[in-house]
Amino acid sequence: MKVGFIGLGNMGSGMAANLLKAGHEVAVYNRSAEKTRPLVEQGARYAAQVADACRADAVFTMLADDHALECVVFGDHGVLASLGKGKTHISSSTISISLSERLTEAHGKAGQKFVAAPVLGRPEAAAAAKLAVLAAGAPDAVEPCLPLLEAIGQKTFRMGDKPPVANLVKLSANFLIASLVEALSEAMALVAKAGLDQKEFLKFLTSFDAPLFKVYGTLIAEKKFEPAGFAATLGLKDVRLALAAGESLRVPLPIASLVRDKLLTLLAQGGEKLDWSAVSLIAEEQAGLKARVA
């Protein structure tokens, strides 16, 4: 298929590369043009502007937040204005429910198709095509795109006909991970305060099948917060979106409020460029372990 890909950050670069490896014809656009070079060297076509990436059967967007996606979709010569009738916008960004609803409506009015396909996994999973893909949209929109989704992930989960549902599932999953990171951070600060090496505690936790403990426990114990696989700023954004979804659905999320405040504290202390697992530094600081963010 002819595919456009917009947004070549930590996740998007690996996803676009796997589409190329699967034999699709890929045009790549990024606001910082230098990020397109490795993919162009692999056979991708350089798109000088958003509209150039939309001359395709489907266009992926993988952007940081609502604002970035709104600019790309609704801006002059954006996706909405440039994508052909009957063609498909696949949004893999983690976005708000309200924006997903707006995109569904806008693309429908323009005679275009919209598929929400947010993904679960860190950059190394994106590079290895091991993402979990959460896909929702009308069957006639999702079905033709399955080969594309299969190229970027190890499994595609169908979330029904309404795109916002996939976005809600992604926000719920990220909230759960953020809560785990906070709980893990507190537990590791507790054992460290008692004099136990955090890596020994991690060995115990990972002696059974607990991949999230292994991934985030290693980052916490070894203080591997840079480069950020998932930046604290994005973690805060996702937890805030989960809280907004909870408010709109009248679902109290008290732990989400706590995790939001911990992430906000991390950012207030200079942790903007750190992985969201660096929230563990706040737990250690509060435990009197003299952890420093910056």
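The values are calculated or read from the model by the stated rules, or taken from the named source; none is laboratory data. This structure is a prediction, so every number in the text was calculated from the model and none was measured. FYI the Cβ positions are ideal-geometry reconstructions off the backbone, even for glycines, and counts take in every protein chain you see.
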**OP:** Note down all Cβ pairs under 9 Å where the first residue falls in the range 249-265 and is over 16 Å from ASP275 (Cβ atoms), the second is hydroxyl-bearing (Ser, Thr, Tyr) and in a helix (DSSP H, G or I), and they're at least six residues apart or on different chains.
**Re:** ILE255/SER179; ALA256/SER179; LEU258/SER179
Subject >> The listed residue being assigned by TED's automatic domain parsing to the domain that holds GLY229 and either modelled with pLDDT under 95 or not β-branched (Val, Ile, Thr) (or both), out of GLU182, GLU105 >> reply: GLU182
**OP:** Only one of these is under 25 Å from ASN174 (Cβ atoms) and either in the same structural domain as ASP275 (by TED's automatic domain parsing) or among the β-branched types (Val, Ile, Thr) (or both): VAL50, VAL28, VAL79. Name it.
**Re:** VAL79
Original post:
With respect to THR88, is the statement that it is assigned by TED's automatic domain parsing to the domain that holds ALA132, more than 28 Å from LEU236 (Cβ to Cβ) and among the β-branched types (Val, Ile, Thr) true?
Top reply: yes
**OP:** Report, by residue number, each residue of the range 126-160 that is acidic (Asp, Glu) and within 21 Å of GLU101 (Cα to Cα).
**Re:** ASP140, GLU143
**OP:** Starting from residues that are closer than 13 Å to SER280 by Cβ and among the polar types (S, T, N, Q), keep the ones in the range 184-224 and report whichever is surrounded by the most Cβ atoms within 10 Å (Cβ to Cβ).
**Re:** SER185
Subject >> Candidates ALA53, ALA16, ALA81, ALA68, filtered to the one that is closer than 23 Å to GLY137 by Cα and touching a Leu at 6+ places or on another chain (Cβ under 6 Å) >> reply: ALA16
Original post:
Quick one: how many residues across the range 19-45 are within 20 Å of GLY75 (Cα to Cα) and either touching a Gly at 6+ places or on another chain (Cβ under 7 Å) or among the hydroxyl-bearing types (Ser, Thr, Tyr) (or both)?
Top reply: 4
Subject >> Wholly within the range 188-277, helices (runs of 4 or more DSSP H) carrying at least 3 residues that are over 26 Å from THR94 (Cβ atoms) >> reply: 198-205
**OP:** Consider GLY84 carefully, then state whether it is closer than 27 Å to LYS109 by Cα and at pLDDT 95 or above.
**Re:** yes
